[in-house]
Amino acid sequence: MATFTTTIPPSSLSFFSSSIFLPKLSSSSSSSLTFRPNSLKTQTKPLSVTSELATIPVLSFTGDKIGETQLDLKAAPPDTARAVVHRGIITDLQNKRRGTASTLTRAEVRGGGKKPYPQKKTGRARRGSTRTPLRPGGGVVFGPKPRDWTIKINRKEKRLAISTAIASALINTIVVEDFVNKFEGKPKTKEFIAAMKRWGLDPKEKSLFLMGEEEVSDNVRLSSRNIGTLKMLTPRTLNLFDILNADKLVLTPAAVEYLNARYGVNNGAYDDEEEEEEEEGGEGEGEGGQGTEADENTNA
C-alpha cells in the first residue's frame, strides 16, 4: 500500500489570534500526514467539549483596576473549533437572506409574440422573438428565483459556537463596573469616548460592549450611538457575527454572570428552561395550527 506524505503549511487565523483555534500537533504528526483509504480509516470520535477558564481584570469608570473576575466557558477542542464557529457564522448569515430575488425568463417577459422580421432573404441572423435572452429587454437565462435559504443548526452546536468565539476573544476582553449612573445628565459622546480611552480602548478600533438589559439606559445608548466603531449588545441581541467582527470585548459584571450561567460549564438550568419552552411551544403550535412570526416571514 502506497502512502503519500505532504507538509502542512502554517495555519492562518481569520479572526482572534487565540491558541484555541490552533491544534496542538506533536512533532511527528506536524511534519507529515499519511492518507489512508476509506476502508482503513479509523472511526471518528464524538465531539468533545473543553473548558476555558480565564481571569479578567475589572476596571472602574476612572480606569483603575479594582479587582478580577473569572469567566469559565465551554469551548470546542482546538481541532474542531474552527469548523464549529464557521458553521455557526455561515448559518447566521445565510438565514438572514430573504430570498426574494427574481428574474423573468423569455416565456415570462411581456411581448415578443410576433416574429420581428422574415426568416430568410434579409441577410441577418434568424429571430423568432424580440424577447430572446440575446437582445436587450429579453428574458434572463438561469436567473435567480425566489427560494428559501434557511438552513438548520442544532441548538447546542450554535451555543457552542458562540461560547467558543467568546473564549477565543478573552485575551482582548476587559470587565468594567456598571457605569449607567455616570450618564444621568445629558448624553455626551465626548464623555463616552474619554471613558473608552481610560479603559485602554481605541475609538478607531471595533469594540463590542455586552451589557445587561437594565444597564443600557437611554443616555448610555445615545452617548455611544455616534461612535461608528462601537457596538452595544444585550443578552437578547448577542450574536456570533458581532463577536468575531470586534477587536475588543467589554463586559459588565452582569454580563459576566450571564455568560457563566448561559455558556459556562454548569448551564443545566438554561437547558431545562429552553426544553420546557420548546415543549410548550410545540403543544401550542399543534393546537392552534399556527407557527411563529419568524416562520411566517421566512416562508413568505
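Identify the residue in segment 153-171 that is in contact (Cβ under 8 Å) with a residue 40 or more places away in the chain and assigned to a loop (DSSP other than H, G, I, E, B) and, among all such residues, is nearest to the chain's Cα centre (by Cα). Talk me through it step by step, then tell me what you get.
Within segment 153-171, the subset in contact (Cβ under 8 Å) with a residue 40 or more places away in the chain is 153, 155, 157-171.
Of the ones still in play, those that are also assigned to a loop (DSSP other than H, G, I, E, B) are 153, 169.
Details: ILE153: 12, ALA169: 14 Å.
Residue satisfying both the conditions and the ranking: ILE153.
From the list ARG110, ARG97, which residue is open to solvent by 30 Å² or more (accessible area, probe 1.4 Å), under 28 Å from LEU249 (Cβ atoms) and part of a loop (DSSP other than H, G, I, E, B)? Write out each step before concluding.
Working: ARG110 fails: under 28 Å from LEU249 (Cβ atoms).
Matching residue, one of ARG110, ARG97: ARG97.
For segment 181-204, how many residues meet the condition of being farther than 16 Å from VAL58 by Cα, in contact (Cβ under 8 Å) with a residue 24 or more places away in the chain and assigned to a helix (DSSP H, G or I)?
The qualifying residues number 6.
Which members of segment 207-234 meet the condition of being exposed (fewer than 15 other Cβ atoms within 10 Å of the Cβ) and closer than 28 Å to GLN94 by Cβ? Show your work before the answer.
First, the residues of segment 207-234 that are exposed (fewer than 15 other Cβ atoms within 10 Å of the Cβ): 213-214, 218, 221, 225-226, 228.
Selection gives GLY228 alone.
I'd like the residue in segment 103-152 that is under 34 Å from the mean Cα position of the chain (by Cα) and among the charged types (D, E, K, R) and, out of all such residues, is nearest to ALA76 (Cα to Cα). Explain how you work it out, then say what you get.
Start the filter on segment 103-152 by keeping residues that are under 34 Å from the mean Cα position of the chain (by Cα), which leaves 103-104, 140-152.
Restricting the remaining residues to those that are among the charged types (D, E, K, R) gives 145, 147-148, 152.
Numbers: LYS145: 38, ARG147: 33, ASP148: 30, LYS152: 19 Å.
Here the answer is LYS152.
Looking only at segment 205-250, which residues are in a loop (DSSP other than H, G, I, E, B), in contact with a Leu (Cβ under 9 Å, 6 or more places away or on another chain) and in contact (Cβ under 8 Å) with a residue 40 or more places away in the chain?
Those that are in a loop (DSSP other than H, G, I, E, B), in contact with a Leu (Cβ under 9 Å, 6 or more places away or on another chain) and in contact (Cβ under 8 Å) with a residue 40 or more places away in the chain: LYS206, MET211, LEU238, ASN239, ALA246, ASP247.
Going through segment 172-199 one residue at a time, which ones are open to solvent by 60 Å² or more (accessible area, probe 1.4 Å), under 28 Å from the mean Cα position of the chain (by Cα) and modelled with pLDDT of 90 or more?
So in segment 172-199, the residues open to solvent by 60 Å² or more (accessible area, probe 1.4 Å) come out as 178, 181-182, 184, 186, 188, 190-191, 197-198.
Subsequent filtering for residues that are under 28 Å from the mean Cα position of the chain (by Cα) retains 178, 197.
Passing the criteria: only LYS197.
Quick one: would you say PRO144 is assigned to a loop (DSSP other than H, G, I, E, B) and touching a residue at least 40 places away in the same chain (Cβ under 8 Å)?
On the way: assigned to a loop (DSSP other than H, G, I, E, B): yes; touching a residue at least 40 places away in the same chain (Cβ under 8 Å): yes.
Judged against the criteria, PRO144 is a match.
The values are calculated or read from the model by the stated rules, or taken from the named source; none is laboratory data. Note that the structure is predicted; figures quoted are calculated from it, not measured. Positions of Cβ are generated from backbone atoms using ideal geometry, with glycine treated the same way; all protein chains shown enter the neighbour counts. Surface accessibility is based on the protein's heavy atoms, side chains included, excluding ligands, DNA and RNA. Shrake-Rupley method; radii C 1.70, N 1.55, O 1.52, S 1.80 Å.
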